[in-house]
Amino acid sequence: MANIDKLFYSLFLLLIVIFLAYGPIQSLTGEDGPVENLSALFWFSGACVSLFGLRQMGGVGVRRNFFVMWLLLCFVACGEEVSWGQRILGIETPEYIAKHNKQGEFNLHNLYVLSAKTGLRDFLRTGEFSYSQIFNAPTLFKIFIGTYFLVLPLISLNAQAKGTLISLGYVVPEKYSLICFWLEVTLIHVTFLFQTQPPDFHDTAEIVEMLFSYVVLSYVLFVYKSFLSKGIQ
């Protein structure tokens, strides 16, 4: 991994400690704030790297499928992050969409049908379960990230399982980035739990989303360089 990548993860650790320990961080995590803009930039960069991978490598099979998947995911995530350019271009939300969107914006993840009325934290506190606690856009996305960047790397520790995953197009992420990423996610939530006046849950969620976007960018860039230098099949 390039030194710049290690430096970036180290800076994330430092900033998270400062922001969560000394707050407030609302000015950084609000709409169109630095955290949200960085998330959009990372998603956009991930889409660009994936597009470069498609254009330069061509062909079919594992390589193409890998970059097609991440191009689509990064493009959609970037679009959703900035409400598909609505605020940038000053476009009014159509009345029908605004009525069904909890923030009145032109995006999918804030539609009432894809939003949770209660969260998993409510289940842990009250014991009352509803399917919306799981089947909503933010939670499903977190499950995907957790599976791809935690469960599958652990499964790949088994040589036979790793071979199967590779044949399906999976590339095991670089260990340093995974360790730093999950350390940072854990630190955010532990700090949130033990602070006497923790930051708003929205603030921690925005920071975690920014980390998600960066780990994806770091990952697709790592795979892109690996394909070029080692000719991974």
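The values are calculated or read from the model by the stated rules, or taken from the named source; none is laboratory data. Keep in mind the model is a prediction, meaning the values are calculated, not measured. A quick note on method: Cβ atoms are made from the backbone with ideal geometry, for glycine too, and the neighbour counts reach across all protein chains shown.
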Selection within segment 43-100 - under 21 Å from residue 148 (Cα atoms), polar (S, T, N, Q) and crowded, with 17+ Cβ neighbours inside 10 Å: 45, 50
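Answer with yes or no whether residue 13 is modelled with pLDDT under 65 and closer than 20 Å to residue 149 by Cα.
Working: modelled with pLDDT under 65: yes; closer than 20 Å to residue 149 by Cα: yes.
Spelling it out, residue 13 is indeed modelled with pLDDT under 65 and closer than 20 Å to residue 149 by Cα.
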Which listed residue is part of a helix (DSSP H, G or I), over 24 Å from residue 33 (Cβ atoms) and modelled with pLDDT of 80 or more, from 176, 170, 224: 224
Test for residue 186: is it modelled with pLDDT under 70, among the hydroxyl-bearing types (Ser, Thr, Tyr) and surrounded by fewer than 18 Cβ atoms within 10 Å (Cβ to Cβ): no
Set 89, 54, 71: member being in contact with a Phe, Trp or Tyr (Cβ under 7 Å, 6 or more places away or on another chain) and not charged (D, E, K, R): 54
